């Protein structure tokens, strides 16, 4: 299954995580699942890059992590957007939209 | 900003690091289990679900490492792991580590000690608030000017405060029936307010106070038993009563610098007293502005109160009182030169120490080439290997400096306790400060690089295949990098040793030198009178004391003769330069000469022969015909071969009369033993009397020490308020011998240090080279070489090293020691063959000693074992 899912565009993982968290705090597994569901099973976040990415975002101060209880009543680590994270989401989204529009323009007209 | 916040988060992470690992593991476990539960719901059997979830997750170890990597500061992690690795390696080889650390401790410790002494003597920061804004002022190029001028300057309101101090004063302190002399600092009443220095007890002398005193910590401790209730106590100084209002802390450094520290501070009270000017610049004022403002103040002063013959506004100078600015003040060039030389010499010692460690590391690296090559072939980059080896040397030099720091603290403690025998209150306050810390950090890094870089580069350059194939078999090629290092080391220690010996020789020469007078049977009694008690203009009362003192001293059993003098030779001097006229020629001669006023019997007492004419008598006094006695060199310089007795000389001072030469005395030393022979003129003591300080010199029949007590008794009986110090002249030569002693002690020590280090280096190289040649030696023995042959092989290698090192060293030493003539007694040239011979001899002896153990090991080689060793 991993073979036929397309690679994530470089640099978009942060944006996806930020977006996934914009609805409220989630734990790592839930983030991966949310991205997968929302992309209709197209985007599959690799676990090997999910946790480094989350920690990098913690380091940059976009996220905060705290321990809580999961829906299955187990101890889990939940990530929550900080103010900086929200701001970051907006700016990344804008950048990305610009880029996509530009690419589409080229693809349609050139 | 965001960088700082990230750094902060990293540090927080570092602190909670162990929890992080377990939490990350929990988190990933949760992830996998959640996925497994989901798979199970989708119909996958339970045992397969978990395995599948694990497979999907991939390598947990890699994910964990990647995640940890996000937080780590990579170079720091690497450094720590390298240091840990190095520490482990040293624990496995403690002999190596101990030797290296010992060498570095000696080198760095010596450096720190000299550095501490130098900085605290030359660049010490005075104890004051914001000392950067303080300046020293030279009115008319003079370091001191009268209190009247000072008051004018203060009233001009140019500065944020002024301070004046005179440190060249003494006072008699009367306590019970004892009278002692203190070195006093006479300060203006705003001195402590302007400086705003911290106090140990109480406060400073406040404005408008005239009868308060401040004690130094040392006097408080030694003379007042650290009495905590000292404040408010009365102090009788020169017959006046003062109230103690404060005690300065132990670390107090006076603003005058150069470790000059008065024992007691009292207000300056007479307007004609000279003080050194200091001031605090207001915010924004710079030295040039201060100078310009002062210029106009002094010009104004010149207009309002003209002083004949001297313009105050000429040569106005302003300097800071901290750091290098201090060197712009009046300091004898020889003193700075001496410290500069010391710094160079200790630098050399450190260089030798580092070379030792470098050579040890080289040996270690080549015996570890196998290990290193293995690491390279397993994928370690060369950079990583170099970094690892550098970490080793960094650890060594850090440990070495730590030991060196302890050495430094011990040494400076001793130095701080030494009472320097000079007639000014010099007391070095040494405390480790930021400069020392910076210096030692520099020393650590420099020595780590110097020690480690060469071996590391060499080890990393090595061809992996070669190193893996061949085990460390060293054959005859002796002239490798280590040998060059050892030869260089030997060269450096020849230089150090030659310098050390030169100064030891200098000390011996100075000690045994005949100063031109007898020191063994001479006693010096110093009697300081309280000026206020002898205020009469005609000095009748004082003359009465002098005459009855001389009379009673001469009557003491065992005293052959006694005389009074204005200055005691080798303790105080006065150089004068003038154009002289004589009655034999119309030409003027420019001469500079020593001058002294001496009483009748002076030359007989000190044992200086009179070559022609006579001594002074009681008849040579105020009002009688002006007469002088000159020394041989003076006679020769001014009169050539003619007999000067009966001729007159006239100096070009205002109102100078012709002076009749009545005698010629043999040359002697006047101020230092190292001085070149100077010209000297003696005038009758009773023609120009010295009001306060009476110096009696006595000649005794037996050795002088037994007479100290009775002499003090006689003088004390004459005036109980006078401070009296009596000592044999041989003890009073401290000042004259100080330069030679300081030189011999410092440089001799450095020479010995260098020698020890070089010997360790030589020993190490030979031992190592023999252990690499065991097989070769075994083969030689098996083929019939005798012990003598073996020794010859070993000896040749060692001697070639020693000889080449020494040759280079001698050439260097010849050049390096040349400027040292400045510090040597006359007659001793810097090219002192005995010093060179001694240096070479000692080094050779040590070198042979260093070869002994390696040679013994070579002789003990068992040929069978050595060949089988392969």
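The values are calculated or read from the model by the stated rules, or taken from the named source; none is laboratory data. What you are looking at is a predicted structure, and each value in this text was computed from that prediction instead of being measured. Every residue, glycine as well, gets a Cβ built from its backbone with ideal geometry; the counts of neighbours run over all protein chains shown.
Restricting attention to the stretch A:15-31, the residues that are within 13 Å of chain B (Cβ to nearest Cβ) and either more than 21 Å from residue B:33 (Cβ to Cβ) or out of contact with any helix residue (DSSP H, G or I) (no Cβ under 6 Å at 6 or more places or on another chain) (or both) add up to 3. Within the stretch A:68-91, the set of residues being surrounded by fewer than 18 Cβ atoms within 10 Å (Cβ to Cβ) and more than 8 Å from chain B (Cβ to nearest Cβ) comprises A:68, A:69, A:71, A:73, A:80, A:82, A:83, A:84, A:86, A:87, A:90, A:91. Of the residues screened, residue A:61 is one that is closer than 13 Å to residue A:18 by Cα, at pLDDT below 90 and either loosely packed, with under 14 Cβ neighbours inside 10 Å or out of contact with any strand residue (DSSP E or B) (no Cβ under 9 Å at 6 or more places or on another chain) (or both).
Quick grid of which residues meet (1) part of a helix (DSSP H, G or I); (2) buried (at least 18 other Cβ atoms within 10 Å of the Cβ); (3) touching a helix residue (DSSP H, G or I) at 6+ places or on another chain (Cβ under 7 Å):
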| position | (1), (2), (3) |
| --- | --- |
| B:117 | yes, yes, yes |
| B:120 | yes, yes, no |
| B:128 | no, yes, yes |
| B:153 | yes, yes, yes |
| B:163 | no, yes, yes |
| B:166 | no, yes, no |
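If you check B:24, B:50 for being buried (at least 18 other Cβ atoms within 10 Å of the Cβ), away from every other protein chain (no Cβ under 12 Å) and within 24 Å of residue A:73 (Cβ to Cβ), only one passes: B:50.
Kindly evaluate residue B:207 against the criterion of being surrounded by fewer than 22 Cβ atoms within 10 Å (Cβ to Cβ) and modelled with pLDDT of 85 or more. Here the answer is yes, as residue B:207 does meet what is asked. Residues in the stretch B:821-850 that are in a loop (DSSP other than H, G, I, E, B) and touching a residue at least 12 places away in the same chain (Cβ under 8 Å): B:824, B:825, B:826, B:827, B:828, B:830, B:831, B:832.
Of the strands (runs of 3 or more DSSP E) lying entirely inside the stretch B:538-599, those containing at least 1 residues that are closer than 18 Å to residue B:616 by Cα span B:559-565, B:588-598. Could you please find all residues in the stretch B:576-592 being over 13 Å from residue B:652 (Cα atoms) and in contact (Cβ under 8 Å) with a residue 40 or more places away in the chain? Matches in the stretch B:576-592: B:583, B:584.
The set of residues in the stretch B:190-200 being surrounded by 19 or more Cβ atoms within 10 Å (Cβ to Cβ) and part of a loop (DSSP other than H, G, I, E, B) consists of B:190, B:197. Considering B:35, B:55, the condition of being without any contact (Cβ under 8 Å) to a residue 12 or more places away in the chain, more than 60 Å from the chain's Cα centre (by Cα) and within 12 Å of chain A (Cβ to nearest Cβ) is satisfied by B:55 alone. Whenever a residue of the stretch B:60-74 is more than 7 Å from every other protein chain (Cβ to nearest Cβ), its partners that are part of a helix (DSSP H, G or I) and surrounded by fewer than 17 Cβ atoms within 10 Å (Cβ to Cβ), lying with C-beta atoms within less than 7 angstrom and at least six residues away or across chains, give the pairs B:73/B:10.
State the number of residues belonging to the stretch A:27-70 that are outside any helix (DSSP H, G or I) and closer than 16 Å to residue B:29 by Cα. Qualifying residue count, the stretch A:27-70: 6. Just wondering, is there one or more residues in the stretch A:39-51 that are within 13 Å of another protein chain (Cβ to nearest Cβ) and within 19 Å of residue A:87 (Cα to Cα)? Checking the stretch A:39-51: not a single residue is within 13 Å of another protein chain (Cβ to nearest Cβ) and within 19 Å of residue A:87 (Cα to Cα). Restricting attention to the stretch B:492-509, does a residue exist that is within 22 Å of residue B:382 (Cα to Cα), in a helix (DSSP H, G or I) and modelled with pLDDT of 75 or more? So far as the stretch B:492-509 goes, no, none of its residues is within 22 Å of residue B:382 (Cα to Cα), in a helix (DSSP H, G or I) and modelled with pLDDT of 75 or more.
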